[in-house]
Amino acid sequence: MEPQRTLVLPSSPPKSNNALIIGLVIGLAVLLVGGGAGAFLYLRGSGSKPTVALQSAEPFPTTATQPPSDPPSETASPSDPPTSEPATPTPSDTQTSSDRVDPGSPLTDKEFDDWDFKLGDVKLQAKRVGGWTYSTCDPVDAKGVLAQNDCQRAIQLAYTAYGGHIKAVQLIMSFPTEQAAKKTVTRLASLDSDALKWRTDKTHSTYAYGKIRSGYAKKYVVVTVLTADKTAKALATHYHSYLQSDHASYFLFRDLTITS
C-alpha cells in the first residue's frame with residue numbers, strides 16, 4: 001500500500017500578495033483509498049486567478065473567472081453547527097450518494113447531496129450549495145494536465161457548514177484507468193498553483209484556515225478546497241479530512257457490480 005501524499009495551506013493569510021506553498025505529508029485519504037499520491041497545499045492571501053494545485057508564487061484567488069457550466073443544480077442555506085466535536089479523522093466505509101448509480105455510468109454532480117457524516121461519536125454535516133457537471137475536463141483544466149492523462153469528465157461540488165463559517169469546493173474527475181488517475185495526482189503535485197480551476201466564489205475570500213487536499217480512488221481524482229474563518233478554524237481540519245476521505249471512499253464502490 002503506497003502512502004498518499006495530500007495538499008495543505010497556511011492558516012493566518014495576509015490580506016494580499018501571498019502565495020500557495022506546497023508541502024508533502026502523509027494523507028488520511030490514502031488509508032481509505034489504499035494508495036495514491038497527492039499534494040498538500042498551504043493557501044495564503046488573495047488575488048485574481050481561479051487556480052488550485054501546487055507549489056508556487058501564484059496568489060490565491062478572491063475573484064474567479066468561473067469555468068463555463070450550467071447553473072447550479074441546487075442551492076441551500078448554510079448548515080447548523082456539528083452536533084458533536086469531531087474526533088481524530090478516520091476513513092468512512094459508508095457511501096455518500098443519495099442513490100446508487102449504474103456501475104460505469106458517466107460521473108454527475110447529482111450523485112452527491114447534502115453531506116451527513118456519522119461514524120461512532122463523530123457527526124458532521126454540510127449543505128450542498130451548488131453542483132456543476134461538465135461533459136469534458138476542459139473547464140477545470142488550466143494547464144492541460146488532465147487532458148494529457150485522458151481525463152474524461154469532471155464535476156464540481158460546493159458545500160457550506162457551521163453557519164457558513166466553513167466553505168468547501170470539490171473537484172472530482174474521472175479517468176479511463178486507475179493508473180491515469182494516479183499519474184495525474186502525482187503530476188499535479190509538481191506543478192505551479194494554476195494547474196486546476198475551481199469555483200472560488202464558493203470559498204471565503206479571507207480566512208483563518210485554507211487548505212487543499214488531493215488524492216485518487218480507483219480511476220477518480222478527488223480534490224477538496226476548504227476555507228474557514230476564525231470561528232470555525234478549530235473544526236476545519238476535521239471537516240476537511242472527513243469530507244475528502246468520505247467522498248473518496250464512495251468511488252471505491254461506485255463501479256462495482258453487485259450480484260444477488
_Which residue is most open to solvent (accessible area, probe 1.4 Å), if the candidates are limited to region 177-209 and must be of a type in the set (Lys, Arg) and in a loop (DSSP other than H, G, I, E, B)?_
LYS197
_When you scan region 230-238, do you find a residue that is open to solvent by less than 10 Å² (accessible area, probe 1.4 Å) and under 19 Å from VAL101 (Cα atoms), even just one?_
no
*Considering every residue within region 123-140, establish whether at least one is among the charged types (D, E, K, R), under 20 Å from LYS219 (Cα atoms) and open to solvent by 10 Å² or more (accessible area, probe 1.4 Å).*
yes
*Residue by residue through region 199-215, note down the ones that are touching a helix residue (DSSP H, G or I) at 6+ places or on another chain (Cβ under 7 Å) and within 19 Å of ALA142 (Cβ to Cβ).*
ARG213, SER214
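The values are calculated or read from the model by the stated rules, or taken from the named source; none is laboratory data. Keep in mind that what you see is a predicted model, and the values were worked out from it rather than measured. We place every Cβ from the backbone using ideal geometry, glycine too, and count neighbours over all the protein chains shown. Note: areas computed on protein heavy atoms with side chains; ligands, DNA, RNA excluded. Shrake-Rupley method; radii C 1.70, N 1.55, O 1.52, S 1.80 Å.
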